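Participant: The structure under discussion is supplied below as structure tokens; questions concerning it will follow.
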2 protein chains.
Amino acid sequence: MKKLLDDPAEAVTDALQGLAAAHPDLLTVHHEPTYVQRAGGTPPGHVGVVSGGGSGHEPLHTGFVGSGMLDAAVPGAVFTSPTADQVAAALKAADGGAGVLAIVKNYTGDVLNFETAVELAQLDGVEVASVLVNDDVAVEDSMYTAGRRGVAGTLFVEKVAGAAAARGDSLEAVAGLARRAVGRVRTMGVALSACTVPHVGRPSFDLPDDEVEIGIGIHGEPGRHRIPAGGARDIATRLVDAVLDDLAPAGGEQVLLFVNGMGGTPLSELYGTYARAREVVEARGVRVVRSLVGSYVTSLEMQGASVTVAVLDDELTALWDAPVRTPALTW
Amino acid sequence: MKKLLDDPAEAVTDALQGLAAAHPDLLTVHHEPTYVQRAGGTPPGHVGVVSGGGSGHEPLHTGFVGSGMLDAAVPGAVFTSPTADQVAAALKAADGGAGVLAIVKNYTGDVLNFETAVELAQLDGVEVASVLVNDDVAVEDSMYTAGRRGVAGTLFVEKVAGAAAARGDSLEAVAGLARRAVGRVRTMGVALSACTVPHVGRPSFDLPDDEVEIGIGIHGEPGRHRIPAGGARDIATRLVDAVLDDLAPAGGEQVLLFVNGMGGTPLSELYGTYARAREVVEARGVRVVRSLVGSYVTSLEMQGASVTVAVLDDELTALWDAPVRTPALTW
């Protein structure tokens, strides 16, 4: 294992130190317990939007803290849920008097710890609503999940919720829009290589040199099947078909097409894959009106990508387009 | 070799197709010859800023086309200079009536082809100035270079020049500021792994599992020496020391610290490395007042990073801070 790290046990802390030092205008990092908060805190009277989960998926979630997206993010150890204490501290800190929305990816550990944290925060008088993201169409149950996994579509949910909170929507309205976003976003991914968790020191699974894994999870959990390594067109077709079969658009819909890198895949390959994916989407009568291409929801240095499609309406489009200023997403 | 590609010979074209489809509001891609142009072209009366070079370093340069940075970018084949015809077409297209600045990374092929292109454009009546970027302190001459290589510091030069052009500076002024930026920016990198050029199909060099290469070039050209794979603190110290020894700041200077990923290194490791690098910079009495962390000047899927320091003054700081809107850099 070669990584740009010192003590593997301190890898998350070291990265947070760098994040805080590089972006003092956008966020601050709190310790004991650890969470990342928007600089200046949630604007008074606005809903706070909080997410979190295991580290190793950066920039998700810590890189989305700032204005127009997350008011706080809670990083656990690599591929490990943050503790309930961490999440509860972030929920309380993000309360600007109008309540807090917790956005939770559907993994057993996250779901349990967020549930406990919500109860703790409510005991302290914070109004909290939760929304569960489960956009991965690959498998129904998985290594760490009952039900579908939450993966790259989480970015879409966080952007929509953050924009709704920024315009002053109520907690009920922000939560409703986040749930609408969850209902309209689907993802499937592919791995070309495994990643290595720093404190483990060896690849998280074996993948032969001539095979790729279709439907991979963002922790290297098994997907649907392995196929001979082929071209971007074949892979993009398989991913888009699975996503659209599940979304079942009636035709004529306007969508966001998001091609996400798993961390170790060059941007040029992501753009090439986007071109192929877009051809497949449009051949099915669906119009791509918004796009995002880059490594936003990653698995350390895993090579691979995922394809996310979100069906837009006028309101979701406006929320997607609304200004955002965070370390990883700005417009 | 496993990559998200179809025909390796079409990899650059496929990626450009995706870039164009994803960002129609920012840029257009021209073919025969191939170059990327800012949507709507250079604003009349403004200096055009053009750069280019071999592909495989994305988002450099094509991802920096938009407002406030490059008016056109010219991608060659992977790790291969664009042709003089390509560059000449981009220079002519980027002329908004106030002349064009060509920003050239110091590689023999790029230098020759840009020189020819400048002559061709001048024959067609376009006023052109050129600036050569050679920020890599690692080696004096290299596999593809007489003199120092141009690497991640190119981003700084392009940002400064683009901002100067955007505020309406003359060609002489834009070129002068770009040269000032070149004079104040230095970089050194490290590789943890090699990359594989698609049409070659095997890694561009061999690096044992327990060694890293200090002073690597962005095409995998040899650096200064190989050392046992160690920690981020050791590597960051070596890179920063080499950069600052060369820049020789008197102390008290304000700098931009830019930690750049080579393509296959996770963002979390880049932030951890940034934290270490910043400690070393500040221990030498230099103040970090601006930061950039991410994979912007890459070598396909190479694992590794580079550290860039740019000594700022009030004008360079203002130009760095000026609004920019491109696929890869926006604020």
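Participant: Among bridges DSSP assigns within chain B, what percent are antiparallel (round to 5)? Show your work: numbers first, answer last.
Facilitator: Working: 30 of 55 bridges.
Around 55 percent antiparallel, to the nearest 5.
Participant: Would segment A:1-117 count as rounded, prolate or oblate if I go by the C-alpha gyration tensor, calling it rounded below 1.5 in a/c and otherwise prolate when a/b exceeds b/c, oblate otherwise?
Facilitator: Because a/c hits 1.5 or more and a/b fails to exceed b/c, segment A:1-117 counts as oblate.
Participant: Between B:ALA250 and B:ALA283, 0.36 nm times their residue separation minus their Cα-Cα distance comes to what?
Facilitator: Length gained, B:ALA250 through B:ALA283: 10.6 nm.
Participant: Nearest 0.05, what FRET efficiency do B:THR237 and B:LEU112 give at R0 = 25 Å with Cβ-Cβ as r?
Facilitator: In this case the efficiency is close to 0.10.
Participant: Note the distances from B:GLY168 to each other copy's matching label point, with points 7 Å along the Cα-to-beta-carbon direction, in nm, sorted shortest first.
Facilitator: 3.6
Participant: Count the net charge of all other residues whose Cβ sits under 14 Å from the Cβ of A:PRO59, scoring Lys and Arg as +1 and Asp and Glu as -1. Please list the in-between numbers first.
Facilitator: Details: positive: A:LYS159, A:ARG325; negative: A:GLU58, A:GLU158, B:GLU269.
Once all neighbours under 14 Å are counted, the net charge is -1.
Participant: Could you give me the radius of gyration and the Dmax of segment A:187-232, taking only the C-alpha atoms into account and expressing both in angstrom?
Facilitator: Rg, Dmax (Cα atoms, Å): 10.7, 33.
Participant: Segment A:74-125 to segment B:165-237: how many Å between their Cα centroids?
Facilitator: The distance from the Cα centre of segment A:74-125 to that of segment B:165-237 comes to 40 Å.
Participant: Counting only protein heavy atoms, probe 1.4 Å: which residues of segment A:289-331 lose 20 Å² or more of accessible surface in the full assembly compared with their chain by itself?
Facilitator: A:SER291, A:LEU300, A:GLU301, A:GLN303, A:THR330
Participant: 7 Å from Cα along Cα→Cβ at both A:ARG167 and B:ALA173: what's the point-to-point distance in nm?
Facilitator: If labels sit at A:ARG167 and B:ALA173, their model points lie 4.0 nm apart.
Participant: Contact order normalised by length for chain B, with contacts defined as Cα pairs under 8 Å and 6 or more residues apart; what percent is it?
Facilitator: After rounding, I find 18 percent.
Participant: Using a label position 7 Å from Cα in the Cα→Cβ direction, what is the ascending list of nm distances from B:ARG284 to the same site in the other copies?
Facilitator: List, nearest first: 5.4 nm.
Participant: Computed over the Cα atoms of segment B:12-65, what is the convex hull's projected area averaged over all directions, in nm²?
Facilitator: Dividing the Cα hull surface by four gives the mean projection, 3.9 nm².
Participant: Could you tell me what a quarter of the Cα convex hull surface of the protein assembly as shown works out to, in nm² with one decimal place?
Facilitator: Result: a mean projected hull area of 25.6 nm².
Participant: Follow-up. Can you work out the FRET efficiency for the pair B:ASP321 and A:ARG202, with r the C-beta to C-beta distance and R0 = 30 Å, to the nearest 0.05? Write out the running numbers ahead of the final one.
Facilitator: Values: r = 44 Å, r/R0 = 1.47.
Using R0 = 30 Å, I get an efficiency of 0.10.
Participant: Continuing with this model, one more query. Using a basic spin-label model with each label point 7 Å from the Cα along Cα→Cβ, how many nm lie between B:GLU10 and B:ASP313?
Facilitator: 5.1 nm
Participant: Which residue, A:GLN86, A:GLN17, A:GLN122, tops the fluctuation ranking in a GNM of chain A built on C-alpha contacts under 10 Å?
Facilitator: Residue with maximal mean-square fluctuation among A:GLN86, A:GLN17, A:GLN122: A:GLN17.
Participant: Looking at the protein assembly as shown only, what percent of DSSP beta bridges run antiparallel? Nearest 5 please.
Facilitator: 55 percent
Participant: While we're looking at this one, here's another question. If we hang a label 7 Å off Cα along the beta carbon direction at A:PRO228, how far is it from the matching labels on the other copies, in nm, shortest first?
Facilitator: Shortest to longest, the spacings are 4.4 nm.
Participant: A:ASP141 versus A:ASP25, label points 7 Å from Cα toward the beta carbon: distance in nm?
Facilitator: Label at A:ASP141, label at A:ASP25, 5.0 nm between them.
Participant: Within 10 Å of each Cβ in peptide A:9-17, how many partner chain Cβ atoms are there on average? Round it to a whole number, please.
Facilitator: If you average over the peptide's residues, the count of other-chain Cβ atoms is 5.
Participant: Where the accessible area of the protein assembly as shown is counted over protein heavy atoms with a 1.4 Å probe, how much of it, in %, is carbon and sulfur? List each step's numbers first, then the result.
Facilitator: On the way: 10650 of 21720 Å².
Roughly 49 percent, rounded to a whole number.
Participant: For segment A:87-130, compute Rh as the Kirkwood radius over C-alpha pairs and then the Stokes-Einstein diffusion coefficient at 25 °C and 0.890 mPa s; write the answer in µm²/s, rounded to an integer.
Facilitator: 240 µm²/s
Participant: Along each of the three principal axes of the Cα atoms of segment A:185-321, give the extent in whole Å, ordering the values from largest to smallest.
Facilitator: Its Cα atoms span 47, 29, 25 Å along the three principal axes.
Participant: On to the next question. Can you tell which of B:HIS46, B:HIS31, B:HIS225 shows the greatest fluctuation in a Gaussian network model of chain B with Cα springs below 10 Å?
Facilitator: In the Gaussian network model the winner is B:HIS31.
Participant: Moving on. Apply the a/c threshold of 1.5 to the C-alpha gyration tensor of chain B and tell me whether it is rounded, prolate or oblate.
Facilitator: In terms of gyration-tensor shape, oblate.
Participant: In addition: I want to verify a result. In a Gaussian network model of chain A, Cα cutoff 10 Å, which of these has the top mean-square fluctuation: A:ALA277, A:ALA318, A:ALA310?
Facilitator: Result: A:ALA318 has the largest fluctuation of those listed.
Participant: Next up: Report, for segment B:181-328, the % of DSSP beta bridges that are antiparallel, rounded to 5.
Facilitator: The answer is about 75 percent antiparallel.
The values are calculated or read from the model by the stated rules, or taken from the named source; none is laboratory data. Predicted model, so just to flag it, every value in this text is computed and none were measured. No Cβ is skipped: glycine too gets one built from the backbone with ideal geometry, and neighbour counts run over all protein chains shown. Keep in mind that these areas ignore ligands, DNA and RNA; they rest on the heavy atoms of the full protein, side chains included. Shrake-Rupley method; radii C 1.70, N 1.55, O 1.52, S 1.80 Å.
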